[in-house]
Amino acid sequence: MITLRYFFLHILLIIIYCKTANSVCAQSLQGQRQTDSLLQSLTKAKEDTNKIKTLYRLARAYLVNDSGTAFNYANKCFSLSKKINWKKGVGLSYYAKALVLKQISNYSASIQYATIAYNIFKSINSTKDVGSALINIGNCYEGTGFYIKAIENHLAALKLFESINDTYNIGVCYMDIGVNYYYLTQYDKAIDYYKKSLAIKDEGDKFGIGSCLDNIAIVYLDEGKYDSANIYDLKAIPYFIESNNLPGLGRIYGNRGDILMKLNKADSAYAFYKRSLLINTKLNITDGISTDYGDIGELYLDLAKDTSAKYTISSFMKMNKKALLDSSQYYLLKALKPDKEEGDMQVLMNHYMLLSEIEERLGNYKSALQYHKNYVLDKDSIFNDENKKKLAAMEIERLTEVKDQQIQLLNQQKALETSEVKRQTLIRNIIIASVFVAAILTFLFIFLYNRKRKTAFDKQMKEVEMKALRSQMNPHFIFNSLHSINKYVIENDKENASAYLSKFANLMRLILENSREQEVPLEKDLHALELYMQLEALRFKNKFAYSIETDSAIDKENTLIPPMLLQPFVENAIIHGVPNKENGLIKISVYKKEDMICCVVEDNGTGRENMVTFEQSENKTHKSLGMQIISERLNIINQIKKVKTAVNIFDLKDAENKSRGLRIELLLPFEPVF
């Protein structure tokens, strides 16, 4: 016999059903009217930007219910944008495709399209659209479980929206960041961002306010703070009702049921699960239907496991354990169909586990075992799917970086082409507008002036090259080398004489070969430098050691530098830095520094305070041209390459502020062969 309370509960559900049905109908009609209006506008639209915007809005309108149609309108948006060459329209089409792909959980492809849209929007300085693309990328990373990466993108979007004071999207970013911290179980940060979002919500944004309150309630529910969860949940419900957002209302009714179950109010929880089920059934929200059936089934299972005074329950729920288990099984079996349609393996796995427990309690051990096997299979499948998603997201991230570089190079090339077109147009207009004779005179003047400048510059270059060659073929060095060879010959040390002579010949050959070129491979120049240091080490009876190190990021064979720029610095270190030093050491290192190459010559000698620098000779009677020649060569490089080279000299000090050597850094432009 149906009790009075059971009767009133059914009356309440009938009233809710009627109101919900009317709301669903109104909402559906409103959405259909909007779509019909857009379709009508499309038939009258010209082939212009307004039509592109209409196609974009249609793609957004069909996004939730018909992904195929939405993607089709996005393609039409792309085709027309390319046809009339509207760059923003191309960006909108890629963004619409990204949204569709995210909707169907194809996160990797969505990230690719959103990244293309991001680069297009960035190139046209459309800040709001750039931020929207970043939000989509962040949401895709959230979908694949890369929550930190998602937060990075949402923070980047937040910074952009703050720069244009877009309050609505600032609130969206706060909310999304909070959701990712929730998934990372950093509940304090999640609540902090939810409250930030809540604080800037406009009072008219009922759905936004309700969502913030609902999310805070969910965090408190997970933390076991059921009273706090209950407070925020009760605050959220009126906002969802006022906003007439039925999917949100269905969701929060389900959350309300979860909270009431934790508060041991099974009868009230049942009523709210039913409300949620009613809305989700009318809207055909498959995952919501599955969740509601599963929650009701789990409720009956809890009652079967504990029918004591722990729960507040309605009289119609006061059944024996067998009836409660049968009711639980009934609802969980109804949940399986939408589970499989939706493809949510996590929920399906949970429902299999509950059905296995029910069958076990009913004594149906064979069925219990089968459900448990299904549970294990789904668990393994989830594990594999998660790994695949993460690997796919990592690959997309790598491809995105490569694509960014390609797009950057393409943009540079396009900019150069555009610049060249403008220049040619200007020249043509000047020629047309100018008198022929004046144009010829101008051309001759420019030609002669440039030739004169080039002749002077070439002369300067050749003079500097000759000076550099003379400095490299230092007469003192040649004399000392020949003297050392002669000494070995006199001492009948054939092996050392031969080795020394071979190295000396190779060095002279390399110097002469390199002198013909303005730039040589780094490997070839370092080889010549090493030969020079080997000869000097032999001459000084190995009183000093040396090392040459090159950064692995530099391809020595395919990186060009001016020849023998380091040799004067090394010569200075050998002659003036370490000759009287026990365990003398000269270290040469080459590494990449941004878009420059940094060449370092460092010794542990006496430093500048206690030595004669290479700007003076040992007898202090004549000025060395080494630094002057280097300075002139660097000036030429600066003019040709339009860069800023530099020579930096540092005195090295020990703990007692005494000199412990000299460090020279030479900055040159990074010049690859290709």
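Solvent-accessible area assigned to carbon and sulfur over the stretch 80-192 amounts to 48 percent, based on a 1.4 Å probe. Which of the three applies to the stretch 158-264, rounded, prolate or oblate, going by the alpha-carbon gyration tensor with a ≥ b ≥ c and a/c under 1.5 meaning rounded? It is oblate, given that a/c is not under 1.5 and a/b is not larger than b/c.
Sorting 593-599, 330-336, 36-42 by their mean Cβ neighbour count within 10 Å, with the most densely packed peptide first, gives 330-336, 593-599, 36-42. Residues of the stretch 81-117 with the amide nitrogen closer than 13 Å to a label point 7 Å from the Cα of Asp66, along Cα-to-Cβ, please. Correct set: none at all.
Sorting 277-284, 494-501, 633-640 by their mean Cβ neighbour count within 10 Å, with the most densely packed peptide first, gives 277-284, 633-640, 494-501.
Leaving ligands, DNA and RNA out of it, report the carbon-plus-sulfur percent of the accessible area of the stretch 218-372 at a 1.4 Å probe.
Using a 1.4 Å probe with all protein chains present, the stretch 218-372 comes out at 48 percent carbon and sulfur.
Probe of 1.4 angstrom, ligands and nucleic acids ignored: what's the accessible area per residue over the stretch 175-277, in square angstrom?
On the way: 4070 Å² over 103 residues.
Roughly 40 Å² per residue, with all protein chains present.
For the stretch 524-576, the solvent-accessible area with a 1.4 angstrom probe is 38 square angstrom per residue. Shown for the stretch 537-596: the carbon plus sulfur share of the solvent-accessible area, taken with all protein chains present and a 1.4 angstrom probe, equals 44%.
A simple spin-label model places the labels of Ala545 and Asp595 4.0 nm from each other, with each point 7 Å out along Cα-to-Cβ.
The values are calculated or read from the model by the stated rules, or taken from the named source; none is laboratory data. No experiment lies behind these values; they were computed from the predicted model shown. Cβ: placed from backbone, ideal geometry, glycine included. Neighbour counts: every protein chain shown. Side chains included, ligands, DNA and RNA excluded: accessible areas come from the protein's heavy atoms. Shrake-Rupley method; radii C 1.70, N 1.55, O 1.52, S 1.80 Å.
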